[in-house]
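Down below is the structure, laid out as structure tokens.
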Amino acid sequence: MSEGMFYNVSNGYVEGIVRGYRNTLLTGQSYGNLTQCETIDDVKLQLGPAYGDFLASLPPNPSTSSLADKTLDKLVAEFRYVQANATGSLLKFMDYLTYAYMIDNVALLITGTLHERDTRELLDRCHPLGWFETMPVLCVATNIEELYNSVLIETPLAPYFKGSLSHQDLDEMNIEIIRNTLYKNYLEDFYRFVNEDPNIRGTPTQGVMSEMLEFEADRRSINITINSFGTELSKADRKKLYPNFGRLHPEGTLMLSRADDPEGVRIAVDGVTDYRTMMDQTGMGGGGGGIGNQSGGVGGDEGKSLEDLFYQKEMEISKLAFTYQFTHAVVYAWVKLREQETRNITWIAECIAQNQKDRIGNYISVF
Amino acid sequence: MSGAGDREPVFPTRQSLGAMKSKLKGAQTGHDLLKRKSEALTKRFRDITRRIDDAKRKMGRVMQIAAFSLAEVTYAVGNNTIAYQITESVRQAKFRVRTRQENVSGVFLPQFESWQKEDVGSDFGMTGLGKGGQQVAKCRETYTRAVETLIELASLQTAFVVLDEVIKVVNRRVNAMYARPAPLSSTRFYANGNGCSEHVIIPRTENTIKYINSELDEMDREEFFRLKKVKGVKERAAATEEEEKKKNARRTSDKENERQEVNGGGEGGGNVLGDEGDEDDLDAFEAEGFVSQFFLRAKDRWDQEPERLLRRFKAGSGNGEAPWKRFMSGVGVKRFVGFA
């Protein structure tokens with residue numbers, strides 16, 4: 001119970017701020033209003049109260065991507081503010097949050113270097129949350145060996161490269177495998193951090209974050225398995241990409257590594273009720289229904305894809321995180337919720353822009 | 001027709017008449033062929049127009065679906081660098097286009113067809129491995145369909161443009177051949193503004209033939225006149241000679257009649273045509289000339305319009321007139337002397 005006594009000393013302000021941010025998230029009512037919009041301008045107007053200043057600079061009838069960029073800008077600004085006020089283990093915790101985006105950025109820059117592009121213009125495409133100080137230095141490297149030996153070592157991601165990837169790997173392996181290897185190492189490291197850090201261990205943070213990270217790990221394992229069907233990724237390589245924790249670990253992941261088709265995935269996840277229900281809902285594995293029911297509009301299929309269900313589940317977990325007090329997990333949950341909100345807005349804007357109103361209800365409203 | 005005086009610069013000889021006739025025949029055959037070609041092309045053209053319409057509608061739908069599936073990818077992946085990742089990881093095109101030619105009535109139309117290169121692996125097959133991979137695969141499928149539709153449309157559009165050009169050319173040629181206004185309203189539209197001046201070759205050849213015929217007739221008449229004249233002169237000379245002989249004979253035998261005979265011969269020589277005393281001989285000659293002319297002209301007419309001649313021949317027997325006479329006037333022998 002010590003966290004109840006001392007948490008607020010260092011982190012109370014941040015937690016309060018984040019809870020305030022959480023209250024400004026769009027509600028079901030707001031989404032209802034958004035879906036009634038006829039044009040992007042209407043969407044912009046509806047978003048006014050929540051996003052005011054950030055949308056002001058948008059031209060009339062902005063593209064959906066610029067709209068999404070602006071909503072992301074708000075998240076970034078708020079995140080930066082929270083980060084600036086964080087201390088101690090919370091600061092470290094928030095650093096861990098940004099590592100996920102860093103991995104994406106680094107993968108992007110490696111892709112650029114591999115194809116000998118001018119990596120400078122890639123910096124604009126990088127996710128702002130994954131920005132780190134030495135990132136522009138990545139652009140200096142002109143070949144992979146240089147990149148690996150002198151540049152990547154300096155990044156916060158260096159531990160994730162070390163031991164599992166050599167510079168030859170960078171050259172030869174598919175960038176997606178590199179990305180997922182990094183992500184696996186990152187998740188394991190994050191998991192270790194929330195479970196072993198003296199300031200976090202034994203607090204609600206450990207409990208909530210373990211659940212979230214386990215879910216994330218399982219989601220990645222299942223996704224990698226399903227998405228690797230029909231590609232040249234071998235089962236042995238696939239197994240290396242599964243994080244070594246999570247509710248499916250170790251039996252589930254072992255079975256996943258042996259799965260050949262959605263049916264195999266279904267059998268593998270059978271031990272965990274949540275995932276089994278998801279697989280049933282998508283019709284996957286049951287009768288050999290097609291993967292990705294979020295299909296190309298023709299059928300107007302109302303069924304949700306596995307991705308949708310995972311997002312749904314993630315949002316539920318994030319929502320529940322706010323029931324705890326004195327925990328870092330609210331920051332994580334808030335970021336996830338905000339990301340989902342950005343996706344929702346993009347989705348609705350796309351539907352409106354492309355005049356596909358029948359699919360507009362596919363967003364995930366949490367509150 | 002403004003082309004009454006329009007003819008080719010030829011000398012009116014029988015040889016050039018023959019050449020003109022074969023030219024006319026060739027032109028008519030060519031006209032028929034070209035018209036048939038034009039019709040075949042037009043048929044094809046309409047077919048293509050209809051298919052373009054279908055393809056465009058289909059493209060609208062398919063592109064919409066494709067664009068939307070891209071939106072789904074963005075939603076599932078959660079950031080917008082996915083497009084960049086995909087374009088960067090592709091090294092070789094899997095979806096390719098090749099062309100072949102299709103022959104429509106001698107016109108080569110380019111046809112595009114798409115095919116997938118088998119040995120090219122899906123380079124970005126693992127994009128979105130962590131999340132969104134299914135959507136990426138879906139998107140790839142829909143865009144493949146979209147590109148297929150686009151290629152089909154491109155093929156049709158190219159054929160459309162090429163055919164349009166060719167139809168214009170062919171129709172202009174058809175028009176250039178013949179006098180009649182073109183049967184298709186579109187052909188008139190394609191002619192370069194002053195419509196009728198385009199109908200050139202056949203009318204001009206016909207004019208030339210007409211001209212050569214009339215010139216030949218004229219020459220025949222001249223020749224006939226000249227021969228008659230020569231004959232008259234010759235006869236007169238012969239008569240004078242006869243007179244001379246007689247006179248000489250008479251001078252030797254009977255010298256008192258000399259002056260009288262000389263005066264009478266002078267009177268006969270004054271009549272140059274000399275068509276009184278020698279009528280029978282002359283008619284026979286005339287007939288001979290006309291008969292040869294008649295056969296030539298009859299043959300010409302027969303070549304040109306056999307039906308009409310036959311009709312005339314038959315009609316002639318109806319109203320009491322001698323059929324052959326009608327026939328003769330039908331073939332253009334107006335004055336037929338001394339053949340009955």
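The values are calculated or read from the model by the stated rules, or taken from the named source; none is laboratory data. For clarity, every value in this text was computed on a predicted model and none was experimentally measured. Cβ: placed from backbone, ideal geometry, glycine included. Neighbour counts: every protein chain shown. Quick note on the areas: whole protein, heavy atoms, side chains included, nothing else; ligands and nucleic acids left out. Shrake-Rupley method; radii C 1.70, N 1.55, O 1.52, S 1.80 Å.
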Inset, instruction - Having 1 or more residues that are within 30 Å of residue A:116 (Cα to Cα), away from chain B (no Cβ under 11 Å) and touching a residue at least 12 places away in the same chain (Cβ under 8 Å) is the bar; report the helices (runs of 4 or more DSSP H) wholly within region A:156-255 that clear it. - result: A:158-161, A:167-172, A:175-196, A:235-241
Inset, instruction - Just give me the residues in region B:224-250 being of a type in the set (D, E, K, R), in contact with a helix residue (DSSP H, G or I) (Cβ under 6 Å, 6 or more places away or on another chain) and closer than 30 Å to residue B:292 by Cα, in sequence order. - result: B:236
Inset, instruction - List the number of the failed condition for residue B:90; all other conditions in (1) of a type in the set (A, V, I, L, M, F, W, C); (2) surrounded by 16 or more Cβ atoms within 10 Å (Cβ to Cβ); (3) under 30 Å from residue A:66 (Cα atoms) hold. - result: (2)
Legend entry - Failed item, numbered, when residue B:47 is tested on (1) closer than 30 Å to residue B:157 by Cα; (2) surrounded by fewer than 18 Cβ atoms within 10 Å (Cβ to Cβ); (3) touching a helix residue (DSSP H, G or I) at 6+ places or on another chain (Cβ under 6 Å): (3)
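Kindly check whether there is at least one residue in region B:292-314 that is in a helix (DSSP H, G or I) and modelled with pLDDT of 85 or more. Don't jump to the end; show me each part of the working.
Let us first name the residues in region B:292-314 that are in a helix (DSSP H, G or I), namely B:292-304, B:306-314.
Restricting the remaining residues to those that are modelled with pLDDT of 85 or more gives none.
Scanning region B:292-314, I find no residue that is in a helix (DSSP H, G or I) and modelled with pLDDT of 85 or more, so the answer is no.
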Legend entry - Every pair of residues 6+ apart whose Cβ atoms lie under 6 Å, when the first sits in region A:308-329 and is of a type in the set (S, T, N, Q) while the second is in a loop (DSSP other than H, G, I, E, B): A:312/A:364
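Please go through region A:153-168 and give me each residue that is touching a Ser or Thr at 6+ places or on another chain (Cβ under 9 Å) and open to solvent by 40 Å² or more (accessible area, probe 1.4 Å), ordered by number.
We begin by selecting, within region A:153-168, every residue touching a Ser or Thr at 6+ places or on another chain (Cβ under 9 Å); these are A:154-156, A:160-161, A:164-165.
A:154, A:156, A:164, listed by residue number.
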Inset, instruction - Within region A:301-339, count every residue that is open to solvent by less than 10 Å² (accessible area, probe 1.4 Å) and acidic (Asp, Glu). - result: 2
Legend entry - Filtered residues of region A:17-65 (kept if among the aliphatic types (A, V, I, L, M), more than 30 Å from residue A:329 (Cβ to Cβ) and not in a helix (DSSP H, G or I)): A:58
Inset, instruction - Just one of (1) part of a helix (DSSP H, G or I); (2) open to solvent by 70 Å² or more (accessible area, probe 1.4 Å); (3) more than 14 Å from chain A (Cβ to nearest Cβ) trips up residue B:52, so point out which. - result: (2)
Inset, instruction - Read through the list (1) part of a helix (DSSP H, G or I); (2) closer than 30 Å to residue B:220 by Cβ; (3) touching a helix residue (DSSP H, G or I) at 6+ places or on another chain (Cβ under 8 Å), then give the number of the only condition that residue B:26 fails. - result: (3)
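Do we find that residue B:40 is crowded, with 17+ Cβ neighbours inside 10 Å and in a helix (DSSP H, G or I) in this structure?
Judged against the criteria, residue B:40 is not a match.
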Legend entry - Failed item in (1) of a type in the set (Phe, Trp, Tyr); (2) over 25 Å from residue B:83 (Cβ atoms); (3) surrounded by 20 or more Cβ atoms within 10 Å (Cβ to Cβ), with residue A:81 passing the rest: (3)
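Pick from A:230, A:252, A:207: which is open to solvent by less than 30 Å² (accessible area, probe 1.4 Å) and among the small types (Gly, Ala, Ser)?
Working: A:230 fails: open to solvent by less than 30 Å² (accessible area, probe 1.4 Å); A:207 fails: open to solvent by less than 30 Å² (accessible area, probe 1.4 Å).
One residue alone meets the criteria, A:252.
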Legend entry - region A:1-22, residues that are surrounded by fewer than 16 Cβ atoms within 10 Å (Cβ to Cβ) and either modelled with pLDDT of 90 or more or β-branched (Val, Ile, Thr) (or both): A:9, A:13, A:16, A:19, A:20
Inset, instruction - Would you mind telling me which numbered condition in (1) in contact (Cβ under 8 Å) with a residue 12 or more places away in the chain; (2) surrounded by fewer than 20 Cβ atoms within 10 Å (Cβ to Cβ); (3) of a type outside the set (A, V, I, L, M); (4) within 9 Å of chain A (Cβ to nearest Cβ) residue B:142 fails? - result: (2)
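Condition first: among the aliphatic types (A, V, I, L, M), under 24 Å from the mean Cα position of the chain (by Cα) and farther than 30 Å from residue A:225 by Cα. Can you find one or more residues in region A:131-148 that meet it? So that I can check it myself, show each step before the final result.
Narrowing region A:131-148 to residues among the aliphatic types (A, V, I, L, M): A:135, A:137-138, A:140-141, A:144, A:147.
Applying the additional criterion that residues be under 24 Å from the mean Cα position of the chain (by Cα) yields A:135, A:138.
Subsequent filtering for residues that are farther than 30 Å from residue A:225 by Cα retains A:135, A:138.
Yes, because at least one residue in region A:131-148 is among the aliphatic types (A, V, I, L, M), under 24 Å from the mean Cα position of the chain (by Cα) and farther than 30 Å from residue A:225 by Cα.
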Inset, instruction - Report yes if residue B:15 is within 14 Å of another protein chain (Cβ to nearest Cβ) and open to solvent by 70 Å² or more (accessible area, probe 1.4 Å), otherwise no. - result: no
Inset, instruction - Tell me which of these residue A:54 doesn't satisfy, since it passes every other one: (1) of a type in the set (A, V, I, L, M, F, W, C); (2) open to solvent by less than 10 Å² (accessible area, probe 1.4 Å); (3) more than 10 Å from chain B (Cβ to nearest Cβ). - result: (2)
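Those residues that are closer than 21 Å to residue B:164 by Cβ, surrounded by fewer than 15 Cβ atoms within 10 Å (Cβ to Cβ) and not charged (D, E, K, R), I need them from region B:93-104; list them, please. Lay out the reasoning, then the answer.
Kept after step one, since they are closer than 21 Å to residue B:164 by Cβ, are these residues of region B:93-104: B:99-104.
Then drop every residue that is not surrounded by fewer than 15 Cβ atoms within 10 Å (Cβ to Cβ), which leaves B:99-103.
Selection gives B:99, B:101, B:103.
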Inset, instruction - Spot the failing condition for residue A:137; the list is (1) open to solvent by 10 Å² or more (accessible area, probe 1.4 Å); (2) part of a loop (DSSP other than H, G, I, E, B); (3) away from chain B (no Cβ under 14 Å), and only one is missed. - result: (2)
Inset, instruction - Those residues that are more than 7 Å from chain A (Cβ to nearest Cβ), over 22 Å from residue A:314 (Cα atoms) and open to solvent by less than 30 Å² (accessible area, probe 1.4 Å), I need them from region B:63-87; list them, please. - result: B:66
